[in-house]
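Q: Quick one: the structure is below, questions incoming.
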Amino acid sequence: MNIRRMTTMATALTAAAVLALAGCGSSGASDDKGDAGTSAKTDQFVLGELWPETGSLAYLAPPEIAAGKLAVQDINDAGGVLGKDVTTVDADTSDADHADQNSSATQSVLSKDPSFVIGPASSSVVKNVYKTITSQKIPMLSMGATSTDFSGLDPYFFRTVAPDSVQGAVMGNLIAQDGVQNLAIAVFNDEYGTGLRDVIVKTVEAAGVNVVYGESSDAFDPTETNFSSIATAIKATNPDAVLVIAFDQTVPLIKSLASAGVDTHKLYLVDGNTSDYSGDFDAGLLEGSKGTIPGVSPTDDFVSRLESTGVDLGGTTTYAAETYDGIILAALAAQKGGSADGETIQKNMAAVSGADGGEACDSYKACLALLKDGKDIQYQGVTGIGPFNKNNDPSSANIGVYVFDGDNKPQFDHTQSGDVPTD
Amino acid sequence: MEKQTASFPRARWRFLRRMPCLMIVAVGIAAMAVPVQAQAAEAVAVCNPTAQNGCVNGILQDAGKQPVAGATVTLSGAESAQTTTADDGTWAFAVESDGEYTVAIDESVAEQYGLTASSMDVTIEKNSFDKQRAVVRFDRTTNDAASGTDMQGDGTNSTGADSDSKAASDSSAAGFGSTIGARFWQQLYSGVIFGLMLGLMSVGMNLVYGTTGLSSFSHGEQVTLGGLACYVGTQLLHWPLPVSAVFAVAVGAFTGLLQNEVLWAPLRRRHVGTMQQMIVTIGLSMAMQYIFQFLFGGDIKGITRSIPDTFDIGPITTDWPTVISALIAIVVIVGVSMFLYHTRFGRATRAVSDNAALAAVSGIDVEQVVRIVWILSCALAALSGVLLGIYLNGISWNTGATLLLLMFSSVTLGGLGTANGALVGSLVIGVMADMSTLVIPDDMRYASALAILIIVLLIRPQGIFGKQQRVG
């Protein structure tokens, strides 16, 4: 519908055509290689990494990249997988508005025969690429795809983040117990945004909160730049509080809301945008606003270890723990299965996460020692999630609730934990 | 198919293996549950669910959001307790066992504050995210509250769903009518502001088209460049905003000159067709976009950090930066128009625009005119980038690209090659885009503006201000 999307699409089509032409000569060859490569036993663990280094999710890339580096470093320091150092291959997937980049990044990583692929974080991007990866029997794990539709998506698709049904319920209750009567929702029209919105709307309406804007049709385009009419519309509905579900669009959107006279101390943010805004806003703008992020608040120790990789985190650690645990789990699965091929890793992912019980261990080194002794293990990593359930979702998860302080930084308030629904 | 059948017995086997384990856990829970049952729920100030306890909590307030302090709240069911509401109306119970609970307040309190209910049933399940905390609100605004009890929990979800959604749609329909009035003037205003900025961009694009016949797809990147240059000035070099804006315009003007000298003039000399030149602008557009992204990253860059104080003019809320930006845009557009119609160089530009060959024969230095037009066009684009970056609260590597089609539409709508046409076309597009959200979903607003373009072109193919041209 949107005219700018049409440009993107035209660009994507052109790019796809070019890629198709360029790929003509070599596609047959790489297919053969792929089939042979994945089913054969191997002791070389090749980690494929798909990061959103550009586009509207680019701010999420630094913590993921740092976590990836840290995980590989920890694995290799402990002796590697099956006695060999892990090697990596990475590519930039960009965001879902650059579908051409999604698939070319995936192809570029797949061409190196990875044992396992970490990423991408965005639900929309996962939707664009997962079939390409899983059809080659290469397991992939998303650290941030929270779409409720992805539970049991594919036997080769895992995630270390809880689906939106979980975060939505916590956020919905948070809004209700704060006494909000009229809630406006500024949400972008994207798989993640509308999925999470629907869960929250269901929860708050059950508690008697009236949703005055954004309940079903009022979503903005993910590439939107002009938020003044949205802010005006929200202000006109006179809400007690505004829920903002967006990525990088959050900064101009909140400024527009403030300009329109909306109370910015009563905003609710979600995992896509609960981050440090001390460099973006005047002090005190967001004070008192709340946000939720799946996972436990990363310990200072983990954050300082992330920083030690030399990556500038840019004030956010979102999905760093999920990335780290995802890579460690895959490495342990390869070690347990005795081979670093995709099928072996896929078969052992649930086991090393503790689905069948076993001795608990909290680092690659400790778990590796137990595995070498022939014991069953239960990796308990930095995210604090439970073992994978039958849908390859974490069986239990934590949602952290944060409150923004006077410097516009989210401060950890409390954690809610519980079981992830499997139906 | 094959994969699924293969994995099914496997999953089942795992389940069977876990059975004894589960049973032990279940027995353990049952054993623990006995003493827990005897314990009463606890009234606490703040309750957060953990593995050991669930929460029944809420806030007691009247329909006007005023908290009701000191009211008694009673919990009964699987466990029972009593508490009084705090000064801010909040109350909370930490409960230890799963099951059904009923929360009640005094009926007289409910009546006194006009609350729709005085008791509600909830279900607590400590391990489930959607049932570990039950928030009870007696001030619910939905109309189906007449029954008073059993408003929450599984019952409502199925039986009350219809009336729930009906009530919601009723209220949103009512809200819709009442908010149009409040939004009309404000959105007209923001439409005009956006139209003016679009006009500033389009005028330059239209000048280039008029003099060289080239539709420049890289004009959007010139806008981005202006905004980013201003960001560099204010945020990286810590210059005051006006200095940064002048810097941005200078950078824009310089790139215009540079482009003309190294790219467009040589292409013109070699008599490369405008179609081919247009393809070059598309390539240039992509190259510039990704250079911006490489240099500045993919996030939105704010030119200013602070949010200006707002004030009201009648039904419109605005702030000084917006007003000043609009005034600058008007002055510059009027200035360009005067320049074209009342100076010698302007007349030369229009002559080139009408017929370059004839203008050259009559002694006008066409190359010089085109050079100045490129400089002017890129400087205007940079200025609009600065104003846009301030108005939209940020500029990113692709901001200009997202506006390119709107610029083309404005220019086409107003009449290709006419300066005033670009302004009027931009205002129409800007106002249409912003006003259309009064009736259609927000993410479709640009489509409505482009629908106007199609309708206008069907009626008046040359655009609003365009000259009729004879075909054939």
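Q: Considering each residue of region A:236-246, count those that are crowded, with 23+ Cβ neighbours inside 10 Å and assigned to a loop (DSSP other than H, G, I, E, B), and give that number.
A: Qualifying residue count for the region: 3.
Q: If you don't mind, there's one more thing I want to ask. Considering only region B:284-295, how many residues are away from chain A (no Cβ under 13 Å) and touching a residue at least 24 places away in the same chain (Cβ under 8 Å)?
A: 2
Q: Test each condition in (1) of a type outside the set (A, V, I, L, M, F, W, C); (2) farther than 26 Å from B:ALA351 by Cα; (3) assigned to a loop (DSSP other than H, G, I, E, B) for B:GLY226 and report the one that comes out false.
A: The one condition B:GLY226 does not meet is (3).
Q: Can I ask one more? Report, ordered by the first and then the second residue, all pairs with beta carbons closer than 6 Å, sequence separation of six or more or different chains, a first member in region B:88-99 that is more than 10 Å from chain A (Cβ to nearest Cβ), and a second member that is acidic (Asp, Glu) and outside any loop (DSSP other than H, G, I, E, B).
A: Pairs that qualify, where the first residue is more than 10 Å from chain A (Cβ to nearest Cβ) and the partner is acidic (Asp, Glu) and outside any loop (DSSP other than H, G, I, E, B), are B:ALA94/B:GLU42.
Q: Taking region A:44-80, which residues are part of a helix (DSSP H, G or I), aliphatic (A, V, I, L, M) and within 14 Å of chain B (Cβ to nearest Cβ)?
A: Within region A:44-80, A:ALA58, A:LEU60, A:ALA61, A:ILE65 qualify.
Q: Residues to consider are B:THR322, B:THR318, B:THR310, B:THR304; find the one that is free of Cβ contacts under 8 Å to residues at least 12 places away in the same chain, surrounded by 12 or more Cβ atoms within 10 Å (Cβ to Cβ) and closer than 20 Å to A:LYS255 by Cα.
A: That would be B:THR310, the only listed residue that is free of Cβ contacts under 8 Å to residues at least 12 places away in the same chain, surrounded by 12 or more Cβ atoms within 10 Å (Cβ to Cβ) and closer than 20 Å to A:LYS255 by Cα.
Q: Name the single residue that is nearest to A:PHE188 (Cα to Cα) among those in region B:392-433 being in contact with a Phe, Trp or Tyr (Cβ under 6 Å, 6 or more places away or on another chain) and crowded, with 24+ Cβ neighbours inside 10 Å.
A: Per the criteria, the residue is B:ALA433.
Q: Moving to a separate point now. Which ones in region A:369-423 are of a type in the set (Gly, Ala, Ser), under 30 Å from A:ALA78 (Cα atoms) and within 19 Å of the chain's Cα centre (by Cα)?
A: A:GLY381, A:GLY384, A:GLY386, A:SER395, A:SER396, A:ALA397
Q: I would also like to ask the following. So which residues in region A:202-255 are small (Gly, Ala, Ser), under 21 Å from B:ARG445 (Cα atoms) and more than 7 Å from chain B (Cβ to nearest Cβ), if there are any at all?
A: A:GLY214, A:SER216, A:ALA231, A:ALA246
Q: Follow-up. Which of the following residues is touching a residue at least 12 places away in the same chain (Cβ under 8 Å) and assigned to a loop (DSSP other than H, G, I, E, B): A:GLY326, A:GLY284, A:GLY291?
A: None of the other options fit; the residue is A:GLY284.
Q: Hey, can you tell me all the residues within region B:296-344 that are within 23 Å of A:ALA283 (Cβ to Cβ), within 9 Å of another protein chain (Cβ to nearest Cβ) and assigned to a strand (DSSP E or B)?
A: Matches in region B:296-344: B:THR310, B:ASP319.
Q: Checking the condition hydroxyl-bearing (Ser, Thr, Tyr) and under 30 Å from A:VAL209 (Cβ atoms), which residue from B:SER244, B:SER218, B:SER190 passes?
A: B:SER190
Q: Pick from region B:262-283 the residues that are over 32 Å from the mean Cα position of the chain (by Cα) and in contact (Cβ under 8 Å) with a residue 24 or more places away in the chain: which of them is farthest from B:ALA329 (Cα to Cα)?
A: B:ARG268
Q: Mind listing whichever residues of region A:379-394 are within 11 Å of another protein chain (Cβ to nearest Cβ) and modelled with pLDDT under 90?
A: A:GLY386
Q: Sticking with this structure for a sec: Taking B:VAL103 as meeting all but one of (1) in contact with a strand residue (DSSP E or B) (Cβ under 8 Å, 6 or more places away or on another chain); (2) surrounded by fewer than 21 Cβ atoms within 10 Å (Cβ to Cβ); (3) at pLDDT 85 or above, write down the number of the exception.
A: (2) is the only condition that B:VAL103 fails.
Q: Continuing with the same structure: Select, from A:ASP362, A:ASP407, A:ASP413, the only residue that is within 25 Å of A:VAL117 (Cα to Cα), of a type outside the set (Phe, Trp, Tyr) and either touching a residue at least 12 places away in the same chain (Cβ under 8 Å) or crowded, with 16+ Cβ neighbours inside 10 Å (or both).
A: On the way: A:ASP407 fails: within 25 Å of A:VAL117 (Cα to Cα); A:ASP413 fails: within 25 Å of A:VAL117 (Cα to Cα).
Residue meeting the stated conditions: A:ASP362.
Q: Could you list, in sequence order, all residues of region A:365-388 that are aliphatic (A, V, I, L, M), part of a helix (DSSP H, G or I) and free of Cβ contacts under 8 Å to residues at least 60 places away in the same chain?
A: Our first condition is that a residue be aliphatic (A, V, I, L, M); within region A:365-388, this holds for A:366, A:368-371, A:377, A:382, A:385.
Cutting the leftovers down to part of a helix (DSSP H, G or I) gives us A:366, A:368-371.
The answer is A:ALA366, A:ALA369, A:LEU370, A:LEU371.
Q: Counting just the residues of region B:52-77 that are without any contact (Cβ under 8 Å) to a residue 60 or more places away in the chain and crowded, with 19+ Cβ neighbours inside 10 Å, which one comes out farthest from A:ASN238 (Cα to Cα)?
A: Top of the filtered list is B:LEU75.
Q: Under 22 Å from the mean Cα position of the chain (by Cα) and of a type in the set (Phe, Trp, Tyr): does that describe A:PHE220?
A: Against the criterion (under 22 Å from the mean Cα position of the chain (by Cα) and of a type in the set (Phe, Trp, Tyr)), A:PHE220 qualifies.
Q: Only one residue in A:LEU141, A:LEU183, A:LEU174 is more than 13 Å from every other protein chain (Cβ to nearest Cβ) and not acidic (Asp, Glu), so which one is that?
A: So the residue among A:LEU141, A:LEU183, A:LEU174 that is more than 13 Å from every other protein chain (Cβ to nearest Cβ) and not acidic (Asp, Glu) is A:LEU141.
Q: Give the residue, chosen from B:ASP139, B:ASP144, B:ASP88, B:ASP164, that is at pLDDT below 85, part of a loop (DSSP other than H, G, I, E, B) and within 37 Å of the chain's Cα centre (by Cα).
A: The unique qualifying residue is B:ASP139.
Yes or no, residue by residue, for (1) over 20 Å from A:ASP271 (Cα atoms); (2) acidic (Asp, Glu); (3) touching a residue at least 12 places away in the same chain (Cβ under 8 Å):
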| residue | (1), (2), (3) |
| --- | --- |
| A:ASP190 | no, yes, yes |
| A:GLY193 | no, no, yes |
| A:VAL201 | no, no, yes |
| A:GLU205 | yes, yes, no |
| A:VAL209 | yes, no, yes |
| A:TYR213 | yes, no, yes |
| A:ASP218 | yes, yes, yes |
| A:ASP221 | no, yes, yes |
| A:THR225 | yes, no, yes |
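Q: What is the number of the single condition among (1) modelled with pLDDT of 90 or more; (2) under 16 Å from A:ALA397 (Cβ atoms) that A:VAL201 does not meet?
A: Condition (2) is where A:VAL201 drops out.
Q: Further question on the same structure: Quick check on my filter: what residues within region A:353-400 are small (Gly, Ala, Ser) and on the phi > 0 side of the Ramachandran plot?
A: A:GLY354, A:GLY357, A:GLY358, A:GLY374, A:GLY384 - these are the residues of region A:353-400 that are small (Gly, Ala, Ser) and on the phi > 0 side of the Ramachandran plot.
Q: Now, a different point. How about region A:238-258: which of its residues are touching a helix residue (DSSP H, G or I) at 6+ places or on another chain (Cβ under 8 Å) and modelled with pLDDT of 90 or more?
A: Answer for region A:238-258, where residues must be touching a helix residue (DSSP H, G or I) at 6+ places or on another chain (Cβ under 8 Å) and modelled with pLDDT of 90 or more: A:ALA241, A:VAL242, A:LEU243, A:VAL244, A:ILE245, A:ALA246, A:LEU253, A:SER256, A:LEU257.
The values are calculated or read from the model by the stated rules, or taken from the named source; none is laboratory data. Remember, it's a predicted structure, so these values are computed and weren't measured experimentally. Don't worry about glycine lacking a Cβ; one is built from the backbone with ideal geometry, like all the others, and counts go over all protein chains shown.
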